[in-house]
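Inspection log for the structure reproduced underneath, given as structure tokens.
The values are calculated or read from the model by the stated rules, or taken from the named source; none is laboratory data. All values derive from a computational prediction rather than experimental measurement. Every residue, glycine as well, gets a Cβ built from its backbone with ideal geometry; the counts of neighbours run over all protein chains shown. The protein model used for the area step is the full one, side chains on, heavy atoms only, and it has no ligands, DNA or RNA in it. Shrake-Rupley method; radii C 1.70, N 1.55, O 1.52, S 1.80 Å.
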Amino acid sequence: MAVGLGRRFDDNTRVMRWGLAIGVVALFALLPQVLGNYGTGLVVEFFVLLLFAASYDLLIGYTGIISFGHALPYGVAAYAMGIVVAGRPLPGVPEAGVPLLVATPIALLAVIVVSALTGWLALRLSGVYFAMITLAFSMVGYFVAFESTGVTGGDNGLLISRPEILGYPLNDYVAFYYLVLWIVLGCFLAMRRLTCSPFGRVLVCIRENEERARFLGYDTFRYKLAVFVVAGLFAGVAGVLQGLYLNIITPDMLYWSTGGDALLVTLIGGMGTLWGAAVGAAFLLGARELLTGIVEGWPIVLGVVYVLFVLFVPDGIAGLIVGHSRSVWDVIGDLQQGDVEAED
Amino acid sequence: MAGVSTIVGIVLNGLAIGMLLLLVASGLSLIFGLMGVVNFAHGSLYMFGAYFGLVVFDRTGVFVLALLIAPFLVAGIGMVMEYLTLRPLYGRDPLYQILLTFGIALILDEVVVLVWGPNALSFATPAWAGGVLNVAGAAFPAYRLFVIVLGAIVAAGVYLFLQRTRYGLVVRAGTANRTMVEASGINVKRAFTVMFAVGAGMAAVGGVVAGPMLSVNPAMGLETVIEAFVVVVIGGLGSFRGSVVGALLAGLAQSFSSFYVPAASSLVIFALMVAVLLVRPGGLFGDPEAGH
């Protein structure tokens, strides 16, 4: 995994990297002038998936904990926002709804509470048990959203319309695009800053050897809980944006396979890099756009690509770019070695 | 208050659901116990069992034939899958095995959509089990009784296989300490492949018998694997006894809640799992260190 990538570059390339980053952002800022409604929407989808997957990378890539319930904060934030904006019949929610500027902090607060609670319970376990209990929490969320038809709209989903904030009409696709662009960029930079901070280094230490981190005096439970809540918070931002983008919030957002998408994107892109999430998101959406309609059953192609990545490129596309990868021969070697061991 | 016959009906129903879960969950648990692999594709193998069973039953009209042929086909798929994809990963981080089997599940599910279409297919109940029996005053479909009996027979068979045969011994020893078994000169790798095939076959039996009870559709694999995971976690990873108890508990909990609180019926097994894990982090019969 490519943490500590910065050391590979000297000061000259540092300038180049800044230049590259600013160039990419400028390019994205220009896009809605060129692309139409559909293309712009696609890029919005890319940003939201990027944010969702990057927040998941904080858990899997930096801290080394595999959650199968990342859909929970994503969906909870979307529903909390939707319920208060649309003024659904829930005690304490005004019937007329509240403005989005008030609803978003409420949604994020809800995510913090839910993530802290589920994390506090789930982090007592580790490994497979942790993965399964987080999956269970997300499914509990799914069934609650599915069954409480009165508040959430159940299977039909919860319809919301993009309001106007501070005289800024979000209904306009270009305006909405810029809002998403700046929010996702801000979140991405915040996450990047976090991973470079002493806190982020402790997370990497936990990933590499949790016992040693404990012996060094770190209360690893607290660190894991903190990153679980932070990752949930960013996933929540992604959830709110996704709800606003689609104008509808459905129980599918809480289904465990939504969290599985984050896993897929992070793995294909490259774990432990954050920017790998961008590569993976572009890959997933690009594959969908290219293959839908051309190849029947395109998810099979995606599944095969994914399996090949696990076998041959465990460090993802980001790993390929910075030069970590296993060759086909390594894997065949593993196979043969397995047989030789077995014959002994 | 519900009468005795209602309670009997609910219990029998719970046992039938539990037996289906048991057929899938015990294979999952044994594979984990021996190889430390969480097989996400296990539900897809169950689904393949259901579809193969449907094809055989439609062609021949003999349900027993479906019950005999489908598991062997699926066991073959399981063996190939284990050999080609899981073997290269045994030495690596368990994370990659979860990721890999997750990917295989995606592929298998899409293959089913391509071959049999996205809609649910109906699987007729075999004529000889179409009736309704009177059990302690409760009218109960004969087919569900057959599921309970068959599930019990298969579970007993696997139990005997584990306890009384040489391969069972290797599997149990391998679960306890793989390195030690290898050091004694036993081919654990081959035992892995055999165990994987047995687990796949059991899941396929579950799929075939589930056919007439539920509908056969491309989403059944992922739905079932999640429930089976929950059962395995309740019982304790790697413990056969644990999956039996977990499956029956989960079946009964589902059956009782769908009678008394229908809205919570899909939630109840997850709640049960959370409760068990918080009290006994390793599951009811599990070793708390097993999943780490």
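Are any of the residues in the stretch B:11-25 over 21 Å from residue B:220 (Cα atoms) and within 14 Å of another protein chain (Cβ to nearest Cβ)?
Taking the stretch B:11-25 first, the residues over 21 Å from residue B:220 (Cα atoms) are B:11-12.
Then drop every residue that is not within 14 Å of another protein chain (Cβ to nearest Cβ), which leaves none.
The answer is no, given that none of the residues of the stretch B:11-25 is over 21 Å from residue B:220 (Cα atoms) and within 14 Å of another protein chain (Cβ to nearest Cβ).
Is it the case that residue B:123 is open to solvent by less than 20 Å² (accessible area, probe 1.4 Å), within 28 Å of residue B:244 (Cβ to Cβ) and among the aromatic types (Phe, Trp, Tyr)?
Here the answer is yes, as residue B:123 does meet what is asked.
Among the numbered criteria (1) open to solvent by less than 40 Å² (accessible area, probe 1.4 Å); (2) under 26 Å from residue B:274 (Cβ atoms), which one does residue A:157 miss?
Every condition holds for residue A:157 apart from (2).
Output yes when any residue across the stretch B:267-274 is crowded, with 21+ Cβ neighbours inside 10 Å, under 23 Å from residue B:34 (Cβ atoms) and in contact (Cβ under 8 Å) with a residue 60 or more places away in the chain, and no when none is.
No - not one qualifying residue is present in the stretch B:267-274.
Out of B:153, B:148, which single residue is farther than 30 Å from residue A:315 by Cα, more than 9 Å from chain A (Cβ to nearest Cβ), in contact (Cβ under 8 Å) with a residue 60 or more places away in the chain and of a type outside the set (Lys, Arg)?
B:148
Inspect all residues belonging to the stretch B:278-288 and state whether any of them is in contact with a Leu (Cβ under 7 Å, 6 or more places away or on another chain), open to solvent by less than 30 Å² (accessible area, probe 1.4 Å) and of a type outside the set (Val, Ile, Thr).
First pass over the stretch B:278-288, keeping only residues in contact with a Leu (Cβ under 7 Å, 6 or more places away or on another chain): B:278, B:281, B:283, B:286.
Going one step further and asking which of them are open to solvent by less than 30 Å² (accessible area, probe 1.4 Å), we end up with B:283, B:286.
Now narrow it down to the ones that are of a type outside the set (Val, Ile, Thr): B:283, B:286.
Yes - at least one qualifying residue is present in the stretch B:278-288.
So for the stretch A:181-190 (the condition being closer than 17 Å to residue A:82 by Cβ and of a type outside the set (S, T, N, Q)), does at least one residue qualify?
So in the stretch A:181-190, the residues closer than 17 Å to residue A:82 by Cβ come out as none.
Scanning the stretch A:181-190, I find no residue that is closer than 17 Å to residue A:82 by Cβ and of a type outside the set (S, T, N, Q), so the answer is no.
Go through the stretch B:84-120 and give me each residue that's within 9 Å of another protein chain (Cβ to nearest Cβ), within 18 Å of residue B:55 (Cβ to Cβ) and surrounded by fewer than 20 Cβ atoms within 10 Å (Cβ to Cβ).
Those that are within 9 Å of another protein chain (Cβ to nearest Cβ), within 18 Å of residue B:55 (Cβ to Cβ) and surrounded by fewer than 20 Cβ atoms within 10 Å (Cβ to Cβ): B:111, B:113, B:114.
Looking only at the stretch B:176-206, count how many residues are hydroxyl-bearing (Ser, Thr, Tyr) and more than 19 Å from the chain's Cα centre (by Cα). I'd like the intermediate steps shown before the answer.
Applying the first criterion (hydroxyl-bearing (Ser, Thr, Tyr)) to the stretch B:176-206 yields B:179, B:184, B:193.
Narrowing further to those that are more than 19 Å from the chain's Cα centre (by Cα): B:179, B:184.
The number of residues fulfilling the criteria is 2.
Picking from A:124, A:162, which residue would you name as being open to solvent by less than 60 Å² (accessible area, probe 1.4 Å) and part of a loop (DSSP other than H, G, I, E, B)?
The conditions single out A:162.
In the stretch B:133-153, how many are modelled with pLDDT of 80 or more and outside any helix (DSSP H, G or I)?
If we filter the stretch B:133-153 for residues that are modelled with pLDDT of 80 or more, which is where we start, we get B:140-153.
Cutting the leftovers down to outside any helix (DSSP H, G or I) gives us B:140-141.
Of the residues in that region, 2 qualify.
Just give me the residues in the stretch B:13-29 being open to solvent by 10 Å² or more (accessible area, probe 1.4 Å), more than 9 Å from the chain's Cα centre (by Cα) and within 15 Å of residue B:235 (Cα to Cα), in sequence order. It would help to see each step written out before you state the result.
The initial filter retains those residues of the stretch B:13-29 that are open to solvent by 10 Å² or more (accessible area, probe 1.4 Å), namely B:13, B:15, B:17, B:19-20.
Among the residues that remain, those that are also more than 9 Å from the chain's Cα centre (by Cα) are: B:13, B:15, B:17.
Selection gives nothing.
Among the residues of the stretch A:36-48, are any open to solvent by 10 Å² or more (accessible area, probe 1.4 Å), out of contact with any helix residue (DSSP H, G or I) (no Cβ under 7 Å at 6 or more places or on another chain) and not in a helix (DSSP H, G or I)?
Yes, the conditions are met somewhere in the stretch A:36-48.
Provide a single number: the residues in the stretch A:234-270 that are open to solvent by less than 10 Å² (accessible area, probe 1.4 Å) and either within 14 Å of chain B (Cβ to nearest Cβ) or touching a strand residue (DSSP E or B) at 6+ places or on another chain (Cβ under 7 Å) (or both).
The number of residues fulfilling the criteria is 16.
Just a yes or no: is a residue in the stretch A:133-151 within 22 Å of residue A:53 (Cβ to Cβ), of a type in the set (Phe, Trp, Tyr), within 11 Å of chain B (Cβ to nearest Cβ) and assigned to a helix (DSSP H, G or I)?
Yes: one or more hits.
Within the stretch A:165-176, take every residue that is farther than 17 Å from residue A:240 by Cβ and assigned to a helix (DSSP H, G or I) and give me the one that is least open to solvent (accessible area, probe 1.4 Å).
My answer is A:174.
Residue-by-condition table, conditions (1) small (Gly, Ala, Ser); (2) more than 20 Å from residue A:132 (Cα to Cα); (3) at pLDDT 90 or above:
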| residue | (1), (2), (3) |
| --- | --- |
| A:54 | yes, yes, yes |
| A:60 | no, no, no |
| A:82 | yes, yes, yes |
| A:101 | no, yes, no |
| A:105 | no, yes, yes |
| A:112 | no, yes, yes |
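Kindly evaluate residue B:49 against the criterion of being more than 14 Å from chain A (Cβ to nearest Cβ), within 17 Å of residue B:214 (Cα to Cα), out of contact with any Lys or Arg (no Cβ under 8 Å at 6 or more places or on another chain) and not aromatic (Phe, Trp, Tyr).
yes
Could you say whether any residue in the stretch B:172-193 is among the acidic types (Asp, Glu), within 14 Å of chain A (Cβ to nearest Cβ), over 30 Å from residue A:265 (Cα atoms) and out of contact with any His (no Cβ under 7 Å at 6 or more places or on another chain)?
yes
Check B:248, B:272 and return the single one that is more than 10 Å from chain A (Cβ to nearest Cβ) and either under 17 Å from the mean Cα position of the chain (by Cα) or farther than 10 Å from residue B:26 by Cα (or both).
Just one listed residue meets the conditions, B:248.
So, in the stretch A:153-174, how many residues would count as being of a type in the set (S, T, N, Q) and at pLDDT 85 or above?
1
Going residue by residue through the stretch A:213-221, is there one that turns out to be over 19 Å from residue A:48 (Cβ atoms) and surrounded by 17 or more Cβ atoms within 10 Å (Cβ to Cβ)?
For the stretch A:213-221, residues over 19 Å from residue A:48 (Cβ atoms) and surrounded by 17 or more Cβ atoms within 10 Å (Cβ to Cβ): present.
Go through the stretch A:141-192 and give me each residue that's in contact with a Gly (Cβ under 7 Å, 6 or more places away or on another chain) and within 30 Å of residue A:203 (Cα to Cα).
Scanning the stretch A:141-192 gives a single hit, A:141.
Taking the condition of being at positive phi and more than 10 Å from chain B (Cβ to nearest Cβ), how many residues in the stretch A:274-316 meet it?
Residues meeting the conditions: 3.
Quick check, is residue B:135 within 14 Å of another protein chain (Cβ to nearest Cβ), touching a residue at least 24 places away in the same chain (Cβ under 8 Å) and aliphatic (A, V, I, L, M)?
No.
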